[in-house]
Amino acid sequence: MEDNGKIEFANSLRGIAALLVVVAHHFIVFWRLRDTAAAQMHAPVLSAFEFPTPSYVYAVDSIPALGLGAVGVALFFLISGFVIPFSFQKTTGPVFLIGRFFRLVPTYAVAFSVTLLAIFVGTRYFGLPWPYDWQSVLIHYMPGLRDIAGSPGIDGIVWTLEVEVKFYLICAVLSQLLMRHSKLVFLAPVLLFVFALCVLTGGYAFALPLVFATCFQYVIFMFIGVAFHYHYVGKLSQLEMTALGVSLLGAFGILWVLSNDGPDTVKGWNYALAIVLFAAAAKFRHRFKRTAVLGFLADISYPLYACHAIAGYIALRILIDLGVNVWVAHFSVFCGVVFAAWLIHILVEAPSHSVGRKVVKALSRSRQRPQTAAA
């Protein structure tokens, strides 16, 4: 553990992952998937005749089947799988979930409000009606419920937080095993795989079992991060970690193929690429020193991830429509979402995280006192 309480290679990867996702959305999705971007921001499709795709976008998107956004998301999942087990050396499952609430929900609530504000501005600018009912909006403020309720996604990124929430719940259930670094914890992804496999091959239409099955494939992937954690603390050998990682990746790959088709099936290899990048960073972790840029991006990575997508699309769309130079529009929007993320970090994320840590410490102490007295 680093002096600042963080493992620096993993912390730096957060900043890199956030940057990859922003680039993927603002460059590739916005220009190359215009229909998708227009549907998500509820604006007219950007005319390819009036506004041809810039040459630098083709350069960014030049490697077939490479999805920078998928790599970034996969890195986030691996990092969570790697760092979350450390929490159970200090606290119990229920207290851990309280801490995660303070870490996740307040920041997302503000970032999602930024997205809603951007959609409102976009609909006013283009003279279109507000596209969502109040139930669809409200349910987003508690990540983990929207997919279960079958409500449409609004910001394009909440699905990843829903995966994280389910992973947290599973880890809370496994808290005693994680505290002891028991290898029995890896029975969980086996059971999740069996469940998801039965559902995905059972001919279900959209239903609650399918929602969980689709989510569990990513939770299984996150357990590869847990395997890295066990190796990091000396509970798995290099060979054991590699064998376990390959097995979990194979399970994830099977479920990925069953739940995706067309180009999305091919893009599943980006998750394997993320493992390679994570493994390389872990192997050469002593070369990862906190720099001003990476440290800043790591600090704001969560609010940046949560607020950049739809707000970025709408800002780009309006600026380009107003005749602003494309490069200037991209630079301005990037600076804008970074500034917004920084504000959310200093005004919401850092304070709420600090409150969460204090609550967790207080609850952990109160739990220890009766045990000490009984002893």
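List of remarks:
- Kirkwood Rh in Å, taken over the stretch 86-146 so that all alpha-carbon pairs contribute: 13.8
- Taking chymotrypsin sites (Phe, Trp or Tyr not before Pro) across the stretch 274-375, the ones in a DSSP loop with at most 16 further Cβ atoms lying within 10 angstrom of their Cβ are Phe284.
- Accessible solvent surface per residue of the chain, calculated while the other protein chains remain in place, 1.4 angstrom probe, Å²: 47
- Across Glu349, Glu50, Glu164, mean-square fluctuation computed from a Gaussian network of the chain (C-alpha pairs under 10 Å connected) peaks at Glu50.
- Using the Stokes-Einstein relation with a Kirkwood hydrodynamic radius computed over Cα pairs, the translational diffusion coefficient of the chain at 10 °C and a viscosity of 1.306 mPa s comes to 73 µm²/s.
- Mean Kyte hydropathy of 1.0 or more with a Cα span along the axis of at least 30 Å, helices from DSSP in the chain: 93-126, 208-232, 238-259
- Residue among Ala207, Ala196, Ala24 with the largest mean-square fluctuation in a Gaussian network model of the chain, springs linking Cα atoms under 10 Å: Ala207
- Its Cα gyration tensor gives the stretch 250-310 an equivalent ellipsoid. The semi-axes, each the square root of 5 times an eigenvalue, are 29, 19, 8 Å from largest down.
- D (Stokes-Einstein, µm²/s), Kirkwood Cα radius, the stretch 1-147, 1.306 mPa s at 10 °C: 86
- Note on Phe195 and Val246: the model spin-label points, each 7 Å out from Cα along the C-beta direction, lie 2.8 nm apart.
- Modelled this way, with points 7 Å down the Cα-to-C-beta line, the labels at Val257 and Val23 are 3.0 nm from one another.
- Protein heavy-atom surface of the chain, 1.4 angstrom probe: 68% of the accessible area is carbon and sulfur, with nucleic acids and ligands not counted.
- Non-local Lys pairs in the chain, i.e. 8 or more apart or on different chains, that have alpha carbons under 21 Å apart: 14
The values are calculated or read from the model by the stated rules, or taken from the named source; none is laboratory data. Not measured: the values here are computed from a predicted model. Counting neighbours? That spans all protein chains shown, and the Cβs are built from the backbone with ideal geometry, glycine included. We work out accessible area using only protein heavy atoms, side chains counted, and drop any ligands, DNA or RNA first. Shrake-Rupley method; radii C 1.70, N 1.55, O 1.52, S 1.80 Å.
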